[in-house]
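Every number in this text was worked out from the coordinates using simple rules, so none of it is lab data. Remember, it's a predicted structure, so these values are computed and weren't measured experimentally. Positions of Cβ are generated from backbone atoms using ideal geometry, with glycine treated the same way; all protein chains shown enter the neighbour counts.
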Amino acid sequence: FTFSHALCRTPSASVTDGLRAEDQGDPDASVFLKEHEAYVTALRATGATVEVLPADEAFPDSVFIEDAALCLKGQAIVLRPGAESRLGESAALRPDLERVMNGVIDLETTGFVDGGDILCSDDEVMIGLSARTNRQGAEDLRPIVESLGYTLRILETPADILHFKTESSLLDERTILATPKLAASGCFQDYRVIHTAEGEEAAANAIRFNDTVFLSSGHPRTAEILRKVGYNVQEMPTTQAALVDGGLSCMSLRF
Ligand code: CIR
């Protein structure tokens, strides 16, 4: 959770066509832009260098840059997102990864992996199978992450959750914030788990970025729980990302 850099992408005007499980109205592209700017500013305030790539109108969901790649130990692994409209995001991002990372490794697979299904600690990469990430993709990722010194654990993302990290995030080396529902699957037994407060499940898509835990606004009881155990919590509005099933972790690659 200590990072010197992040890579983000400006939300496109086409974000109004972003994928969503349930339609609660289109996001407003200009409000999205403002929330995104605040996000970038907050990451920078931790001391990190944050590069913001230009919007890519061809891909409505490209603001959710985390799904197209995984950054580990200075290397970028170019993934294969599982939604048809998002498959091309990887190739579009690759030249930038070549430029900013020490090396780029392509996930060669006929399967699929979305970065949102991957939760990393210092020594372990957990990958949740979901509607976007299948076993073939996960198995083909295994040798790559093992060659970088991590163990890979394949888990199940419960059926009605988009991504594994929609409902979990790393708070520190041994602590995970998760919804009671995801934690109940037993996948975090080697970690200390802090549950989101009832009715605040969306708070689980948080990010620990250097000294700060960024939490989506509107989850006061979860914020309180985290502050009580000593985390420095900063709340950030994600109202527009939420309309297209996105949250804080999806909007950056951290390295
Ligand atoms: C999608 O359905 O792919 C986007 N609308 C949301 C992606 C959110 N990404 C993430 O949780 N890592």
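Values for this structure:
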| quantity | calculated |
| --- | --- |
| Residues that are surrounded by fewer than 21 Cβ atoms within 10 Å (Cβ to Cβ) and either free of Cβ contacts under 8 Å to residues at least 24 places away in the same chain or under 21 Å from Glu57 (Cβ atoms) (or both), drawn from the stretch 93-116 | Arg94, Pro95, Asp96, Glu98, Arg99 |
| Hey, Thr166 among the hydroxyl-bearing types (Ser, Thr, Tyr) and within 21 Å of Cys250 (Cβ to Cβ) or not | yes |
| Where a residue in the stretch 132-155 is over 20 Å from Ser185 (Cβ atoms) and its partner, wherever it lies, is of a type in the set (S, T, N, Q) and in a strand (DSSP E or B), with Cβ under 7 Å and at least six apart | Leu148/Gln75 |
| Within the stretch 113-147, considering residues that are within 11 Å of the ligand (Cβ to nearest atom) and out of contact with any Phe, Trp or Tyr (no Cβ under 8 Å at 6 or more places or on another chain), the one nearest to Ala21 (Cα to Cα) | Ala131 |
| Residue ID - nearest to the ligand (Cβ to nearest atom), chosen from residues in the stretch 230-254 that are polar (S, T, N, Q) and surrounded by 24 or more Cβ atoms within 10 Å (Cβ to Cβ) | Ser249 |
| Count - residues of the stretch 76-92 that are crowded, with 18+ Cβ neighbours inside 10 Å, in contact with a strand residue (DSSP E or B) (Cβ under 9 Å, 6 or more places away or on another chain) and either in contact (Cβ under 8 Å) with a residue 60 or more places away in the chain or outside any helix (DSSP H, G or I) (or both) | 7 |
| Cross-chain or 6+ apart pairs with Cβ under 7 Å, the stretch 226-251 first and acidic (Asp, Glu), then surrounded by 24 or more Cβ atoms within 10 Å (Cβ to Cβ) | Glu235/Leu215 |
| Subset of the stretch 138-195 that is part of a helix (DSSP H, G or I) and of a type in the set (Val, Ile, Thr) - its residue that is nearest to Phe214 (Cα to Cα) | Thr166 |
| Test result for Glu22, assigned to a loop (DSSP other than H, G, I, E, B) and either among the charged types (D, E, K, R) or out of contact with any Pro (no Cβ under 9 Å at 6 or more places or on another chain) (or both) | yes |
| Qualifying positions in the stretch 80-98 - more than 11 Å from the ligand (Cβ to nearest atom) and touching an Asp or Glu at 6+ places or on another chain (Cβ under 9 Å) | Arg80, Ser90, Ala92, Leu93, Arg94, Asp96 |
| Conditions (1) among the polar types (S, T, N, Q); (2) assigned to a helix (DSSP H, G or I); (3) under 19 Å from Ile105 (Cβ atoms): number failed by Thr133 | (2) |
| Filtered residues of the stretch 25-54 (kept if surrounded by fewer than 20 Cβ atoms within 10 Å (Cβ to Cβ) and either in a loop (DSSP other than H, G, I, E, B) or among the small types (Gly, Ala, Ser) (or both)) | Gly25, Asp26, Asp28, Ala29, Ser30, Ala38, Ala42, Ala45, Thr46, Gly47, Ala48, Pro54 |
